[in-house]
Every structure is written in C-alpha cells, then in structure tokens.
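Peer 1: Right, I'll just put the structure down here and ask away after.
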Amino acid sequence: MPYLKLSVNRDLSADEKHGLCEEIGKLMPLIPGKTRENTMMDIVTGAYIEMGDASPALNLEVRLFRAAPKENKQNFVREISALLEKATGVRPARMYINLIEHESWASGGGYRE
C-alpha cells in the first residue's frame with residue numbers, strides 16, 4: 001500500500017498515463033516502506049474539475065497505511081508537484097494533494113493494523 005488517485009481535467013494518452021505511473025513510482029521511496037511495486041495508482045483524465053474556472057487543475061489523493069514522517073511527506077509533495085506540473089501542465093497553485101493516513105488497511109484478503 002499506498003493508493004494514489006489522480007483526477008485531472010485534461011486528457012492523457014494510455015502511454016502518458018503509464019509513463020506517469022512509472023515516474024510516480026520512482027518517488028514512492030521518499031516515503032519510508034513505499035515502493036512502485038506496492039503502490040496502486042488510479043488515473044482519471046478528462047475529469048470536470050473547476051477551481052474558480054475550468055483552467056487546468058488536478059486533485060491527487062494519496063492513501064498511506066500508517067503515518068509517515070513529516071519531512072518525508074514534505075519532500076514527496078514537493079517532488080510530485082514538480083512531476084505533475086511537467087506531465088500535465090497544471091501549475092502547483094491549481095493542485096490539491098491530500099495525504100490520508102490510515103491506521104488499518106486490508107489487502108490480499110487480509111486485514112492489517
């Protein structure tokens with residue numbers, strides 16, 4: 001685990017989505033215990049997102065099992081913001097990134113806490 005859901009109000013090709021997953025995967029080790037291999041990513045493109053107007057904008061939800069150190073989260077947000085700006089053309093001022101830390105999680109048919 002983690003799980004990332006990116007919603008962006010522009011279109012990306014399947015190749016661009018896959019490339020974005022690969023690049024995000026390289027950033028996952030910024031959060032202790034997280035890897036590309038244990039990260040599930042959901043990318044929704046062409047979403048209708050309005051933030052004052054319909055200019056390029058995105059929302060990224062990052063769900064983590066257990067709390068991560070503040071410094072690691074700060075580094076991750078800085079790096080992923082730069083990556084998303086490059087990949088989608090959305091300025092960081094028009095990005096919302098939500099880090100959600102769970103005390104329990106289920107995967108592979110098992111419950112964890």
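Peer 1: If you take the residues of the stretch 74-91 that are in contact (Cβ under 8 Å) with a residue 60 or more places away in the chain and among the small types (G, A, S), which of them is nearest to K17 (Cα to Cα)?
Peer 2: A87
Peer 1: So which residues in the stretch 22-42 are farther than 21 Å from H102 by Cα and either among the acidic types (D, E) or crowded, with 16+ Cβ neighbours inside 10 Å (or both), if there are any at all? Talk me through it step by step, then tell me what you get.
Peer 2: Our first condition is that a residue be farther than 21 Å from H102 by Cα; within the stretch 22-42, this holds for 22-23, 26.
Matches in the stretch 22-42: E22, E23.
Peer 1: Now for a different question. What pairs come out if I take residues in the stretch 14-25 that are among the basic types (K, R) and pair them with residues that are modelled with pLDDT of 95 or more whose C-beta lies under 6 Å away, six or more apart or interchain?
Peer 2: Cβ pairs passing all conditions: K17/I43.
Peer 1: Criterion first (closer than 18 Å to D11 by Cα, within 13 Å of the chain's Cα centre (by Cα) and touching a residue at least 12 places away in the same chain (Cβ under 8 Å)) does M95 satisfy it?
Peer 2: Yes, satisfied.
Peer 1: A further question follows. Just to be sure, is L12 not acidic (D, E) and not in a loop (DSSP other than H, G, I, E, B)?
Peer 2: Considered against the rule, which asks whether it is not acidic (D, E) and not in a loop (DSSP other than H, G, I, E, B), L12 comes out as no.
Peer 1: Then there is this: For the stretch 42-113, please list each of the strands (runs of 3 or more DSSP E) lying entirely inside it that holds at least 2 residues being touching a helix residue (DSSP H, G or I) at 6+ places or on another chain (Cβ under 9 Å) and closer than 18 Å to L4 by Cβ.
Peer 2: Details: elements: 58-65, 95-102, 105-107, 110-112.
Those strands (runs of 3 or more DSSP E) span 58-65, 95-102.
Peer 1: Restricting attention to the stretch 54-65, does a residue exist that is among the small types (G, A, S) and exposed (fewer than 14 other Cβ atoms within 10 Å of the Cβ)?
Peer 2: Looking through the stretch 54-65, at least one residue is among the small types (G, A, S) and exposed (fewer than 14 other Cβ atoms within 10 Å of the Cβ).
Peer 1: For the subset of the stretch 1-20 comprising residues that are within 14 Å of the chain's Cα centre (by Cα) and either closer than 21 Å to E101 by Cα or among the charged types (D, E, K, R) (or both), which member is surrounded by the most Cβ atoms within 10 Å (Cβ to Cβ)?
Peer 2: Only one residue tops the list, namely L6.
The values are calculated or read from the model by the stated rules, or taken from the named source; none is laboratory data. Everything numeric in this text was worked out from a predicted model, so none of it was measured. Ideal geometry is used to build each Cβ from the backbone, glycine not excepted, and the neighbour counts take in all protein chains shown.
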